[in-house]
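A.B. asks: I'd like to ask some things about the structure below.
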Amino acid sequence: MRNDTTGPATLTAAAPAGAAVPLIDIGINLTHDSYDADRQAVLARARAAGVVQMLVTGASPSGSAAALTLAQAHPSRLFATAGVHPHHAAQLDGEALAQLAQLAARPEVVAIGECGLDYYRDFAPRAVQQAAFHRQLELARRIGKPVFLHQRDAHQDFHAILREHAPQWRGVAHCFTGGETELSDYLALGLAIGITGWLCDERRGAHLAALLPRIPASRLLLETDGPYLLPRDLTPRPASRRNEPAFLPHVAAAVARARGESLAQLAHASTDAARALFMLPAPAATDNLT
Ligand SMILES: [Zn+2]
C-alpha cells in the first residue's frame, strides 16, 4: 500500500470500456474502509472492465484475516495475501506469527506479504522492520508460497536481506517506483515487478516508463494498489480520488505504450505471469457476479 491519497467512498467516473484480454490486479487493498459502502459495485465494475482475478492485500494480522474472508466469499476470483507491512512490523510477535502461519496455509492465500522495509515513513523502528521481514521470508519458504514485497527508501538493507534468504523464495516487488539500480538488482534476484498507476504521473513516472522495456514480459505484473495511486491522467477523474480495479486497463495501456507493445500482447503476458507466480486457477466460468 501507499498511504498517499484516499477520499470518501463515492465514484463518479465510469469504468473504462471492457478490456479485450483478461487482466489480473495483483495488489488491491479491497478491505480498506473506503470500499465499505460499495464493495460489490467495485467488483462488478472490475469484471466489466475485464479484471477477472485480484489479490486482496493483507497488511496486518487482522487485515490479512479480513482479506482471506473476502477471498473465500469469491472463490477463484479473489485471492488474498497474508502478511505484516513494515508499518505494522511491531505487531509481529510470536502469537501474531503463528496466526499468520495459519492464514498462510489456506489455499486462498497465494502469497506472504505485504512484507519488506519502509524507511520513508519509519513507522516502526528499522531493527523491528528487519526482524519482521526475516520472519516472513522464513514463513514463505516453509509453506512454499511467494512473497509480496514492499520497499521504500530502504533498497540496500532490503536487497541484502533478500540475498541472505536466496534462493529460498520467489516473489514480486510490488508497486515498483525505483530506478535503474534497483530494477537491475531485483531482476538479478529473479523477482517479478509490479507496476501501478504511478507510471501515469507525468511528474514522477517518466523515469519508470524508460525502464519498462527492460522487464521481461514473463515477470511484469499489473496492480492498482487501490484505493491509493489513482492514475493522475485518468479522465474523467472520480471526485473521490479513490482508485479501484476497474482502472487497471488504464494502467495496462500506459505500460503497453511504454514498452511498444499492443495492449493485448501486454495483457496476455502479464496475466500469464501472475497466474504462474501465484499459481492461480483459471476463473470459473460461472462464479457469482458479486
Ligand atoms: Zn505497499
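A.B. asks: Which value at 222 nm does the chain reach when only helices count, each DSSP H run of 4 or more adding -39,500 (n - 2.57), with the total divided by all residues and rounded to the nearest 500 deg cm²/dmol? List each step's numbers first, then the result.
C.D. replies: On the way: 9 runs with 106 residues, N = 290.
It lands at -11500 deg cm²/dmol.
A.B. asks: Per residue Cα convex hull volume for the stretch 31-155, in cubic angstrom? Before the final figure, lay out each step's value.
C.D. replies: Details: hull volume 14.0 nm³, N = 125.
In the stretch 31-155, the Cα hull volume divided by residue count equals 112 Å³.
A.B. asks: Hey, what's the Kirkwood Rh for the chain if you take every pair of different alpha carbons, in angstrom?
C.D. replies: Details: mean 1/r = 0.0538 Å⁻¹.
This gives a value of 18.6 Å.
A.B. asks: Here's something else I'd like to know. Positive end of the charge dipole of the stretch 23-278 (Lys, Arg +1 and Asp, Glu -1 on Cβ, about the Cα centre): tell me which of LEU55, SER262, ALA41 has its Cα farthest that way.
C.D. replies: My answer, from the dipole projection, is SER262.
A.B. asks: Below 12 angstrom from the Cβ of LEU220, what's the summed charge of the other residues (Lys, Arg +1; Asp, Glu -1)?
C.D. replies: Numbers: positive: ARG214, ARG219, ARG259; negative: GLU223, GLU261, ASP272.
My count for the surroundings of LEU220 gives 0.
A.B. asks: Could you list CYS115, CYS200, CYS175 so that the one with the fewest beta carbons within 10 Å of its beta carbon is first and the one with the most is last? Walk me through the numbers on the way to the answer.
C.D. replies: Values: CYS115 32, CYS200 21, CYS175 25.
Fewest to most other Cβ atoms nearby, the residues stand as CYS200, CYS175, CYS115.
A.B. asks: Between ASP33 and ALA217, with labels modelled 7 Å along Cα→Cβ, what's the label distance in nm to one decimal, could you check?
C.D. replies: Computed distance between label sites ASP33 and ALA217 equals 4.4 nm.
Every read-out reported here was derived from the displayed coordinates using simple, explicitly stated rules and does not represent laboratory data. Quick caveat, the model's predicted, so the values are computed rather than measured. All Cβ positions, glycine included, derive from the backbone under ideal geometry; neighbour counts span all protein chains shown.
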